[in-house]
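Notes for the one structure printed next.
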Amino acid sequence: MNMHEPRVGIAARVARAFHPVTLAIALVGCSVSDPGWGYSVPNGKPAEGNELGFDLARDGNAFRVYGSLFAGTLDVEVDVRNEQGSTLEVDLDQLQIFDKRGQQLKRRLVSPTERCEGQRHGRVCALNRGQACRLAGRFNVVPLRSRFLFFREPNPDLQEVAVRVVSLRREGRESDAQFQLTRTH
């Protein structure tokens, strides 16, 4: 050992020796972490400007649908705008999500982005022409499936999800709206 070389402690030597191991563990850790992704609506038009989601029109109503997944939670928002003259009643509790196999996902909680521009009667939002509301929820999911040891792949059951807004009422008639969301990245 040269007298002019700085003395390196045992901890520093161990840290240098394990540097490649630390890098390998970090890479494996990143490969098994929750990836997060967005969803598109195949028959929808991307929202303009800085808005998120996809626009659609059905039965005299305008819809904007948005979905994203991160950290084991699928966030879904559906904006409903009444485009007709008669009042539209929307039950804010009636947002349902189904995976590709048709299994209904468990709603974790109501999203803080839920809103009603019309008259609110409990969980029902009554919309006059031009008014809108947002149904929003967070749903528990398992985003990754084990493939081999530490390697995981995106859950194929979440490749496509169906969104259903149940209980849209206009003039005594009840209907629903359904949308298909497809994973984008």
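Screening the range 134-153 for residues that are in a strand (DSSP E or B) and out of contact with any strand residue (DSSP E or B) (no Cβ under 9 Å at 6 or more places or on another chain) and picking the one that is farthest from Arg107 (Cα to Cα) gives Phe148. For the range 90-133, a tally of residues being in contact (Cβ under 8 Å) with a residue 24 or more places away in the chain, among the basic types (Lys, Arg) and assigned to a strand (DSSP E or B) returns 2. Please indicate, with yes or no, whether at least one residue in the range 130-137 is under 23 Å from Gly38 (Cα atoms) and surrounded by fewer than 16 Cβ atoms within 10 Å (Cβ to Cβ). No; the residues of the range 130-137 include none that is under 23 Å from Gly38 (Cα atoms) and surrounded by fewer than 16 Cβ atoms within 10 Å (Cβ to Cβ).
Only the coordinates and a few stated rules stand behind these numbers; no lab work does. If you're wondering where the values come from, they're calculated on a predicted model, not measured in any experiment. We place every Cβ from the backbone using ideal geometry, glycine too, and count neighbours over all the protein chains shown.
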